[in-house]
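What follows is one structure encoded as structure tokens, with my remarks underneath.
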Amino acid sequence: MTKYKLEYIWLDGYTPVPNLRGKTQIKEFSSFPTLAELPLWGFDGSSTMQAEGHSSDCVLKPVAVFPDGARKNGVLVMCEVMMPDGVTPHVSNKRATILDDPGAWFGFEQEYFFYKDGRPLGFPEHGYPAPQGPYYTGVGYSNVGSVARKIVEEHLELCLEAGINHEGINAEVAKGQWEFQIFGKGSKTAADQMWVARYLMMRLCESYGIDIEWHCKPLGDTDWNGSGMHANFSTEYMRTVGGKAYFEAMMKAFEKNWKEHIDVYGPDNDKRLTGKHETAPWNKFSYGVADRGASIRVPHSFVKGDLYRGYLEDRRPNSQGDPYQIASQILKTISEVPVSKSAAA
Ligand code: ADP
Ligand code: MN
Ligand code: MN
Ligand code: MN
């Protein structure tokens, strides 16, 4: 038997953005534990804005398991928060009720800022560094400093060791701003991986004395970019059938539901989706081929040969958005689009 260090991770009850929480228990298993082998556990909900009335116990229900490369015999256990009965989802538990479909694939591009001493990493104590321009995909100390790349590389390793589909990294437009991409099949699979990747990044940065600023517009109304979490998505129908008529019907549904999308695409998005800095105004839906100033960008690969097949990029979700709810809302809107049998024939 081996003693495993199980880090139970969950989302707390803070609004509008939940915080990641985690605590460790040690348990013996003959080999790396499967989801079915992991027991329910509990925590004090009165300390996480999750207490209901006089009973402060909440239940942690394991829903996804990942190896923890930072610990010997470490296990990362993503959990849903349940009521004391262990079966009723807590009101803060959004994952329990989202739409899911293993044929729906999601690629999230998570942007964020490294922060130190209350400002983006690399910003001088007073004023600003040289304006945006050289930082995006930049190289060299004056562009990316001496620490950020070390952190993003270590984060990549941790994600790969965890079995997370980390798909890439780039330095972003603002100084101190970076991006990583996570891909998954199904809303829950993709979003679980994103939340655990966020957790790994925050935990990793502790030892560097650096925080992650997830807010979508930390530098306010300035000439510095905000942070998004573009959601690339495709359903099986979009990938294998598609077609121009279906695409146009889909865009109509997205236009009709624009408010429902914005409602779950992260707080303060009106400060980021201004129409500047490669964004579309938050309250005006638009789409366009290769258009990075549109709400939804249609890749060239999608329209190729007039097939209108493949994936689309919703550029509106922001860096603090909940990937569970983002994926679910996308699936909800798509589910309203009639599938033409004649198109499939
Ligand atoms: P950008 O040019 O917008 O910066 P990125 O390369 O950062 O694009 O991200 C594009 C993401 O699209 C990839 O991370 C990938 O996960 C995702 N993606 C690619 N193909 C599909 C697909 N068929 N369905 C859903 N997502 C996809
Ligand atoms: Mn990207
Ligand atoms: Mn980006
Ligand atoms: Mn993008």
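The values are calculated or read from the model by the stated rules, or taken from the named source; none is laboratory data. Remember, it's a predicted structure, so these values are computed and weren't measured experimentally. Ideal geometry is used to build each Cβ from the backbone, glycine not excepted, and the neighbour counts take in all protein chains shown.
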Which ones in segment 297-318 are among the aromatic types (Phe, Trp, Tyr), away from ligand 2 (no atom under 16 Å from the Cβ) and part of a loop (DSSP other than H, G, I, E, B)?
Tyr308
Tell me which residues, restricted to segment 54-85, are farther than 13 Å from Pro33 by Cα, at pLDDT 95 or above and not hydrophobic (A, V, I, L, M, F, W, C).
Lys61, Gly69, Arg71, Lys72, Glu80
Every residue from segment 182-216 that is within 15 Å of ligand 3 (Cβ to nearest atom) and under 22 Å from Gly145 (Cβ atoms):
Trp214
Note on segment 263-296: residues in a loop (DSSP other than H, G, I, E, B) and either of a type in the set (Asp, Glu) or on the phi > 0 side of the Ramachandran plot (or both) are Gly266, Asp268, Gly275, His277, Glu278, Ala290, Asp291
Answer with yes or no whether Ser47 is crowded, with 16+ Cβ neighbours inside 10 Å and among the polar types (S, T, N, Q).
no
For the subset of segment 292-320 comprising residues that are touching a residue at least 40 places away in the same chain (Cβ under 8 Å) and of a type in the set (S, T, N, Q), which member is farthest from Asp268 (Cα to Cα)?
Ser295
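Table: residues versus (1) of a type in the set (Phe, Trp, Tyr); (2) under 22 Å from Pro102 (Cβ atoms).
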| position | (1), (2) |
| --- | --- |
| Tyr246 | yes, yes |
| Met250 | no, yes |
| Lys259 | no, no |
| Asp263 | no, no |
| Gly275 | no, no |
| Val289 | no, no |
| His300 | no, no |
| Arg315 | no, no |
| Gln320 | no, no |
All-but-one check, Gly163 against (1) over 15 Å from Asp192 (Cα atoms); (2) small (Gly, Ala, Ser); (3) in the same structural domain as Gly186 (by TED's automatic domain parsing); (4) surrounded by fewer than 16 Cβ atoms within 10 Å (Cβ to Cβ), failing number (1)
Could you say which residue among Ala64, Ala174 is part of a strand (DSSP E or B) and touching a residue at least 40 places away in the same chain (Cβ under 8 Å)?
Ala64
Read through the list (1) in a helix (DSSP H, G or I); (2) surrounded by 21 or more Cβ atoms within 10 Å (Cβ to Cβ); (3) among the small types (Gly, Ala, Ser), then give the number of the only condition that Gly321 fails.
(1)
Condition met for Gly103 (at positive phi, surrounded by fewer than 19 Cβ atoms within 10 Å (Cβ to Cβ) and not in a helix (DSSP H, G or I)):
no
Just give me the residues in segment 207-237 being more than 20 Å from the chain's Cα centre (by Cα), within 11 Å of ligand 1 (Cβ to nearest atom) and part of a loop (DSSP other than H, G, I, E, B), in sequence order.
none
Is at least one residue of segment 132-144 within 16 Å of ligand 4 (Cβ to nearest atom) and out of contact with any Leu (no Cβ under 6 Å at 6 or more places or on another chain)?
yes
Can you tell which of Asn269, Asn257, Asn283 is farther than 13 Å from Gly228 by Cβ, free of Cβ contacts under 8 Å to residues at least 60 places away in the same chain and of a type outside the set (D, E, K, R)?
Asn283
So, of the residues in segment 172-190 that are in contact with a Leu (Cβ under 8 Å, 6 or more places away or on another chain) and within 16 Å of ligand 4 (Cβ to nearest atom), which turns out to be nearest to Val139 (Cα to Cα)?
Ala174
